[in-house]
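Beneath this line is the structure, given in structure tokens, with notes to follow.
The values are calculated or read from the model by the stated rules, or taken from the named source; none is laboratory data. What you see is a predicted model, and the numbers here were worked out from it, not measured in a lab. Positions of Cβ are generated from backbone atoms using ideal geometry, with glycine treated the same way; all protein chains shown enter the neighbour counts. What goes into the accessible areas is simple: the full protein's heavy atoms, side chains included, and nothing from ligands, DNA or RNA. Shrake-Rupley method; radii C 1.70, N 1.55, O 1.52, S 1.80 Å.
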Amino acid sequence: MAAERALRTAAPHEVLDAVRRVLIEQYAADSVELFMADYGLSVLQPVSVLPHTLEPVSVHNSPAGRAFGAQEPFIEGPDGGPVRVHLPVTVRGDRLGVLTVAYASREPVADCLTELTQIAEMLGHEVIVAERDTDLYLQARRKDRLTLAAEMQWQLLPGRSCARPEYELGAQLEPAYGIFGDNFDWSATADRFMLYVSNGMGEGIEASLLTNLAVNALRNARRAGIALADQAALADQAVYAHYRGRCYLSVLMFDFDLASGRARVVDAGSPQMLRLRDGVVERVHFEAQLPLGMFEETDYVAQDFQAEPGDRFIFVSDGVYSVASPAGEAYGSAALSRAITATRLLPAAEVPRAILRELAGYRGDPTPNDDALVICLDWRGRST
């Protein structure tokens, strides 16, 4: 209760200081640090001191990274000596970072670990709210400078992961600090879940402007309560009215019924979907329709689709399946299927990062020439 009161009354830029005071005064902590996951999901960036005088922490091979990846508290240190408790900071499945609390010994931790975990979760909620009024936490997320196009794209995204009893979702974009055209969006109600995967043509700021127009047009139609096919039609008109067919955007749109797993789908372009079911990976084909904004007043038709509990769906943009090796061989469906099979035991939030790392090895260059988007959706269904 003390932590909650402190968080709710703190100024946006003082949220971490408020938690630090409570943990030191009420929970006998020695020190408290907050680390935010960077845009590339490669390091955990310290928030406490800006510009960064504390060293970033690796997501892949550090105690804090272990807590971040497993989404469980991890206690670092020997019995009888100083310890550090690493606590995941996550909001409804969206992994923000790690709260690290240092103690002189392990004994106090056993009595308050549950409460420390709850405080870390509360902190995550307050950080999300505070980001409306301060750049502190957004600055801490970047280990390099974002391009203007990338800045626009990240501000457009709903998050990088989310979780509900019926599904779990993880997504990642590369190059994280230089993306321009690819995007994803989602929205959920008590009964429905809508997912949009888009791939805008062009490069740099022009591609970002196109995607911003199309995504906001889709959101405007969705929030008006319009059916999926009509959302596509209205966004198509908005893009065509501005670009007159010079630029267009591919999008794959889903409207899931959470109770049954039935979905309505509009496939307007190049994003692909693969399904892992009973250990078998296969590409799911839909009736292809024209990208948004290619021609004036295009009519779109939604198709039916059925998701089954236990299904894993992988969505990829052309920057994934069209990538070439140094020898000029395209990545293609076979290599992507192997990557999906190899990551089948990972949680959905970890899968996009793992596939993109494998893709970088295939490409032979850590920096892609085109946007690469990977989304993983685990469908659990609603229990009766």
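So, with a 1.4 angstrom probe, what is the percent of accessible area on the chain that is carbon and sulfur?
About 50 percent, which is the carbon plus sulfur part of the accessible surface.
Of [x] 21.8, 72; [y] 23.1, 80; [z] 22.2, 66, which one was derived for Rg and Dmax of the Cα atoms in Å from the structure shown?
[x]
What figure, in Å² to the nearest 10, do you get for the accessible area of Arg275 with a 1.4 Å probe and non-protein molecules left out?
Ignoring ligands and nucleic acids, Arg275 comes out at about 40 Å².
Treating only the Cβ of Lys, Arg, Asp and Glu as charged (+1, +1, -1, -1), what charge dipole size does the stretch 26-102 show about its Cα centre? Round to the nearest 20 debye.
Charge dipole of the stretch 26-102: 180 debye, to the nearest 20.
Specify the residue with the greatest mean-square fluctuation among Thr90, Thr114, Thr147, computed from a Gaussian network of the chain linking alpha-carbon atoms under 10 Å apart.
Thr114
Please report how far the C-alpha centroid of the stretch 88-143 lies from that of the stretch 220-278, rounded to the nearest whole angstrom.
35
At 1.4 Å probe radius, can you tell me the per residue accessible area of the chain in Å²?
Per-residue value: 44 Å².
With θ taken as phi - 60° and the coefficients 6.51, -1.76 and 1.60, list the Karplus ³J(HN,Hα) couplings across the stretch 79-88 in order, rounded to whole Hz; mark glycine and proline as x.
Computed from phi, the couplings for the stretch 79-88 are 5, x, x, x, 10, 10, 9, 9, 10, x Hz.
Nothing charged except the Cβ atoms of Lys and Arg (+1) and of Asp and Glu (-1): what's the magnitude of the dipole of the chain about its Cα centre? Round to the nearest 20 debye.
Using Cβ point charges on Lys, Arg, Asp and Glu, the chain gives about 160 debye.
Heads up, I need the accessible area for Asp371: 1.4 angstrom probe, whole protein in place, Å², nearest 10.
0
Can you list the HN-Hα couplings for the stretch 18-30, worked out from phi with the Karplus curve (6.51, -1.76, 1.60; θ = phi - 60°), rounded to whole Hz and with x for Gly and Pro?
5, 5, 4, 4, 5, 5, 6, 7, 9, 10, 6, 6, 7
Mind checking the angle between helix 228-243 and the chain's longest principal axis? C-alpha axes, 0 to 90 degrees, to the nearest 10.
Its long axis makes an angle of about 80 degrees.
Can you compute 3J(HN,Hα) from phi for each residue in the stretch 140-152, using the Karplus curve 6.51 cos²θ - 1.76 cosθ + 1.60 with θ = phi - 60°, rounded to whole Hz and x for Gly and Pro?
After applying 6.51 cos²θ - 1.76 cosθ + 1.60, I find 5, 6, 10, 8, 9, 6, 7, 5, 4, 4, 5, 4, 5 Hz.
Projected onto the charge dipole of the chain (+1 at Lys/Arg Cβ, -1 at Asp/Glu Cβ, origin at the Cα centre), which of Ala268, Ser198, Thr114 gives the Cα projection farthest towards the positive end?
Of the options given, the answer is Thr114.
Pull out the extension gain between Asp79 and Leu138, defined as 0.36 nm times the separation in residues minus the alpha carbon to alpha carbon distance; nm, one decimal.
Gain in length upon complete extension: 17.6 nm.
In degrees from 0 to 90, rounded to the nearest 10, what is the angle of the helix 332-342 Cα long axis to the longest principal axis of the chain?
For helix 332-342, the angle is close to 30 degrees.
To the nearest 10 degrees, how steeply does helix 107-130 sit against the main Cα axis of the chain, on a 0 to 90 scale?
Result, in degrees: 40.
Please list the non-local residues whose amide H lies under 5 Å from the amide H of Met201, H modeled 1.01 Å from N, same-chain partners needing a gap of 5 or more.
Correct list: Tyr248, Ser250.
Go ahead and estimate [θ] at 222 nm for the chain from helices alone: -39,500 (n - 2.57) per DSSP H run with n ≥ 4, summed, over the residue count, rounded to 500.
One gets -10500 deg cm²/dmol as the mean residue ellipticity at 222 nm.
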